[in-house]
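Everything on this sheet refers to the single structure shown next.
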Amino acid sequence: MSQPANASRPAVLITGAAAGIGRAIAATFAARGWTVGLYDIDADAAEHTAREIGGHTVAGAFDVTDAAGWERALAEFFAVTGRLDLLVNNAGILYSGAFGDIALDRQHRLVDVNIKGVLNGCHTALPYLRRTPGSQVINLASASALYGQPGLATYGATKAAVRSLTEALDLEWRHYGIPVRDLLPLFVATDMMTEVAKGSKSATTLGVRLSPDDVANAVWHTATHRRSIRSSHVLVGVQTKITAAATQLSPAWLNRLVVGWISKADTL
């Protein structure tokens, strides 16, 4: 655990915060004076990142698939900060390749981390969010939630589930005054792209045009401009916006054709 916080300072808890997008989000909020909870399954990495970014931080470790771990982390963080202004469900994993070639236990792990991890976070954090006026939730989804992609079948399905859960909670929690948003970036230049390249040609076809900082800035803007955000879904990057518009406006057969071409699938 790092520096103690001041209860007057807004506080954000971020999962998967040790590296990649999570690290960029943590650095962005720490630089702007927030108390930042950096939580990751790797305790040493979380502590190291907290020291590197500086500011007012609380670092800890738990597995997002473990509800009891969530309870402990939230209680610890709230004891230090006295508030939870923002929960960022960022932790996620990715396996790519032909659906039948990915072992079933890996498919289940995708569901556990990417869906159950977000569900656990939202459920266990709700009492703390309700105790903090103006609180909100941001979930990291993906542009792969817009249309199923060969090579990313189960990963895309988990992100589509996050998208649906976000929509539902954004409506359900309106009477608490707690907006729930998700971010849908396309490919982001993180270590995860190595795994994407193994089983899907989409990134090669479209290119990787987003950095972790791009996503972190989108999280910051979403969190600090809540009144101007009209949708529960925030599209990150020009490519994602074009993809989303095309998916909504094009007939199903054309969407299927385009996604097949992007993925260079053998069959359409």
Quiz item: Tell me, what ³J(HN,Hα) does each residue in the range 27-40 have, in order and in whole Hz, if you take phi through Karplus 6.51 cos²θ - 1.76 cosθ + 1.60 with θ = phi - 60° and put x for Gly and Pro?
Solution: 5, 4, 6, 5, 5, 9, x, 6, 7, 10, x, 9, 10, 7
Quiz prompt | Amide proton proximity set for residue 93, modelled H, under 5 Å, gap of 5+ | solution = 114
Exercise. Report relative contact order for the range 74-130 in percent, whole number only (criteria: Cα-Cα under 8 Å, sequence separation at least 6).
Key: 50 percent
Quiz prompt | Table column - 3J(HN,Hα) (Hz), the range 161-175, Karplus curve with 6.51, -1.76, 1.60, x for Gly and Pro | solution = 5, 4, 4, 5, 4, 4, 4, 5, 5, 4, 6, 5, 9, 4, 6
Quiz prompt | Check: the range 1-88 dipole with +1 on Lys, Arg Cβ and -1 on Asp, Glu Cβ, in debye | solution = 440 debye
Self-check item: For residue 59, distant residues with modelled amide H under 5 Å away
Solution: 2, 38
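We did not get these values from a lab; they are worked out from the coordinates using the rules stated. Treat the numbers as computed from the prediction; the structure is a model and nothing was measured. A quick note on method: Cβ atoms are made from the backbone with ideal geometry, for glycine too, and the neighbour counts reach across all protein chains shown.
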